[in-house]
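Here is the structure we will look at, set down as structure tokens.
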Amino acid sequence: MPDDPLTVVLADDHAVVRSGLKLLLAQSGMEVVAEAGDVPTAQRYVLGHKPDVLVLDLNMPGEPSLPAIPRFLEASPSTHIVVLTMQEDPQFAREALQKGATAYVLKEAAEEELVQAIHAAREGRTYVNPSLGARLATAPLTPQGPPGGLSEREVDILRLIALGHTNTEIAQQLFLSVRTVETHRAHIQQKLGRTTRAELVRYALDHGLVET
């Protein structure tokens, strides 16, 4: 029916953020049918509700959001994905769009852009934050520097992980605390969208960080 409200599932791990977004969307005549704080819950709601749009935060605890985008679309092919994130790196935007997202909005501009991006997504039109879009157009297809947006320290840690070292051994070799190594490892997993050691090893091999 043409008068049916546009339905949305919100996926963000901060309840306060979800509350603000829900109010913003309600004022624009949209209906938030479910809220999720992690990827598995979001996928369950997308499958159950088949919303018009999924508003997806990239930085949620547990399973990374980026590699899950194709699974969301598989669960509900008619759902359009609007990424809402603090990640300003054009490579994240490019990867999100390549994986099937329709829009990419920065949280700092959500109040001005989110509703516009959702309407564009529902119509099948790509929307990218304008300032980020300009950078995306000029960003190299192959990122300069370390792969995956990793820092030099993260590359060092990834290389040692691929070589089979434990967190404790890595900490000893790099003169870091085990807690610091664990934090770096979590950041690596988030940036690369790889959660298991086998996936990290394969990534390191594929990008020439270790020799076969």
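Readers should treat all values here as calculations from the given coordinates under stated rules, not as data from a laboratory. Here the structure is a predicted model, which is why all the values come from computation and not from measurement. Reconstructed Cβ throughout: ideal geometry from the backbone, glycine too, with neighbour counts over all protein chains shown.
A few notes on this one:
- Angle between the chain longest axis and helix 15-27 axis [Cα atoms, degrees, rounded to 10]: 30
- Between Thr168 and Glu152, the distance separating the two model label sites (each 7 Å from Cα on the Cα→Cβ line) works out to 3.0 nm.
- Tensor-based shape of segment 7-138 (alpha-carbon gyration tensor, a/c under 1.5 rounded, otherwise prolate or oblate): rounded
- Taking a straight line from the alpha carbon of Lys191, these lysines sit under 27 Å away, with near neighbours fewer than eight places off in the same chain left out: Lys99, Lys107.
- At R0 = 30 Å, FRET efficiency that the Cβ-Cβ distance of Ala109 and Thr41 yields, to 0.05: 0.70
- Of all DSSP bridge pairs formed entirely within the chain, close to 0 percent run antiparallel.
- Seen against the Cα atoms of the chain and their longest principal axis, helix 90-99 is set at about 70 degrees.
- Modelled label positions at Val16 and Arg179, each set 7 Å beyond Cα in the direction of Cβ, lie 2.4 nm from each other.
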